[in-house]
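*Asks:* This is the structure I want to talk about, given as structure tokens.
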Amino acid sequence: MSQLPFRTPVSAHHREPVLDVVVPVFNEQKDLERSVRRLHAHLRETFPYPFRITVADNASTDETPRIAARLAAELAELEWLRLDEKGRGRALHAAWSGSRAPVLAYVDVDLSTDLAALLPLVAPLISGHSDIAIGTRLARGSRVVRGPKREAISRCYNALLRSTLAVGFSDAQCGFKAVRRDVAERLLPLVKDSGWFFDTELLVIAERAGLRIHEVPVDWVDDPDSRVDILSTALADLRGIARIGRELARGTLPTAALRRGTDGSSSGGLAGQLLRFAAVGTVSSAGYVLLYLALRPQTGGQAANALALLVCALANTAANRRLTFGLRGRGGALRHQAQGLVVFTVGLALTSGALTLLHRTVSTPARSTEIGVLVAANLAATLVRFLLFRAWVFPARRRREAEETAK
């Protein structure tokens, strides 16, 4: 299957709906009409393009189908989709798969997320800047009102995702997301979960494919009448994390069909990363040599080598994190430094081994020979470090970060 084409903006003169907002529901007779009318009024007042609202009813047994059908007959921008099986993920999959709108979104029926964030959510997708957009309750600027139990569960879940699957997005569970249709057409067939883990699986696959995920801080007020079964949902999420983890470990997560093509104007691919990495490496190597020469008289060759490498490794990881791979902010910085220190041990082994071999071969080597051997070993360690950085320390974001850096 061919790569996804380069992102382009949605035409400003689009006659058909540009945005399709799906509201998945199950037995929501109490909130459905109030929420749909509020969402419809908001879009009519604030959204500058044609839009559609799709109520995706997944096997409701109360008055939800009748209410949805009546609203669809009354509001021209509203459609109603009925499914015979439960599952929020199943409802989203069906609604998004059948839509022709360039941008697809969904909101929870309780509208816990302030709708003022809806336009900022979809704008990067309409402009062609991003592939997926998510609301986040865990970023600076978000305002959240909810009980301590749900707050703790949410933070623990997202921390678990970061520690086990090394994800870069901050909030997998917020019911406020959007995706470009060309991405959804490739992504949805790869998502196996039909329940609450649907969001997480979709985001993990997208991030591993290097797609650009835009995050929008949201104002969010907890629905005290939420009927989500926390225990069964948590167990299903843990099973989903274990399944995705196995697929990642085996290298079977299908992401090839989600790679973005380029228009040739960006310098953010492998070549651009190599150039920036080489520039950082040149400065690091010069700093390493100067530190080694300054420390050696007091500590000896091996200790000076280890200390100089350690200091330069910390600085090198920080510089490459920002300049080569385009990461900003503190999110994940400690984890990246810890992984960078693991990579540092590879460089230490190469340079220390080269130094040991030199002293076993030549009893008293000239200082220039010693420096030359260390520089050569450090160059080899630099190549290994780049490969490990790209494949392990900063894997999920390499294409998205490269594009950001090139802008």
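*Asks:* Under 10 Å, Cα contacts only: if you run a Gaussian network model on the chain, which one of VAL384, VAL342, VAL362 comes out with the highest mean-square fluctuation?
*Replies:* Greatest mean-square fluctuation among the candidates belongs to VAL362.
*Asks:* How big is the dipole moment of the chain about its Cα centre under a simple scheme where the beta carbon of each Lys and Arg is +1, that of each Asp and Glu is -1, and everything else is neutral? Debye, nearest 20, please. Present the calculation step by step, with values, prior to reporting the outcome.
*Replies:* Values: 53 positive and 39 negative charges, 331 e Å.
The dipole magnitude comes to about 1600 debye.
*Asks:* Per residue, how large is the accessible surface of segment 37-84? Use a 1.4 angstrom probe and give square angstrom. Walk me through the intermediate numbers first.
*Replies:* Numbers: 2440 Å² over 48 residues.
Here the residues of segment 37-84 average 51 Å² of exposed surface.
*Asks:* Among DSSP beta bridges whose residues both lie in the chain, state the antiparallel percentage, nearest 5. Don't skip to the end; give the middle numbers.
*Replies:* Values: 9 of 35 bridges.
About 25 percent, rounded to the nearest 5.
*Asks:* For segment 70-108 and segment 48-68, what is the separation of their Cα centres, given in Å?
*Replies:* Using only Cα atoms, the two centres lie 6 Å from each other.
*Asks:* With a 1.4 Å probe and all protein chains left in place, how much accessible area per residue does segment 169-256 have, in Å²?
*Replies:* Working: 3550 Å² over 88 residues.
Heavy-atom SASA per residue in segment 169-256 reads 40 Å².
*Asks:* Would you be so kind as to identify all helices of the chain, as entire DSSP H runs, whose Cα atoms reach 27 Å or more along the helix's own axis and whose mean Kyte-Doolittle hydropathy is at least 1.0? Numbers along the way, then the final one.
*Replies:* Values: long enough: 230-250 (30 Å, 0.41); 270-299 (41 Å, 0.89); 333-361 (41 Å, 0.76); 367-388 (31 Å, 1.25).
Going by DSSP H runs, the hits are 367-388.
*Asks:* Continuing with the same structure: Return one whole number: the accessible area per residue of segment 346-399 in Å², for a 1.4 Å probe. Numbers along the way, then the final one.
*Replies:* Values: 2840 Å² over 54 residues.
Here the per-residue accessible area is 53 Å².
*Asks:* Something else now. Going by amide H atoms built from the backbone, whose H comes under 5 Å of the H on VAL18, apart from near neighbours?
*Replies:* Close amide H contacts, sequence-distant or interchain: PHE51.
*Asks:* Counting only protein heavy atoms and a 1.4 Å probe, tell me what percentage of the chain's accessible area is made up of carbon and sulfur. Don't jump to the answer; show the numbers that get you there.
*Replies:* Details: 11380 of 19030 Å².
C and S atoms contribute 60 percent here.
*Asks:* Which aspartates and glutamates, on any chain, are close to LYS192 with Cα under 13 Å apart, when same-chain ones fewer than 8 places away are left out?
*Replies:* Answer for LYS192, where 13 Å is the Cα cut-off: GLU201, ASP237, GLU247, listed by chain and number.
*Asks:* Using +1 on the beta carbon of Lys and Arg, -1 on that of Asp and Glu, and nothing else charged, what's the dipole of segment 98-201 about the Cα centre, debye to 20?
*Replies:* Values: 14 positive and 11 negative charges, 51 e Å.
Around 240 debye, computed over segment 98-201.
The values are calculated or read from the model by the stated rules, or taken from the named source; none is laboratory data. This structure is a prediction, so every number in the text was calculated from the model and none was measured. Heads up, the Cβs are rebuilt from the backbone with ideal geometry, glycines too, and the neighbour counts pull from every protein chain shown. Areas reflect the complete protein model, heavy atoms only, side chains present, ligands, DNA and RNA absent. Shrake-Rupley method; radii C 1.70, N 1.55, O 1.52, S 1.80 Å.
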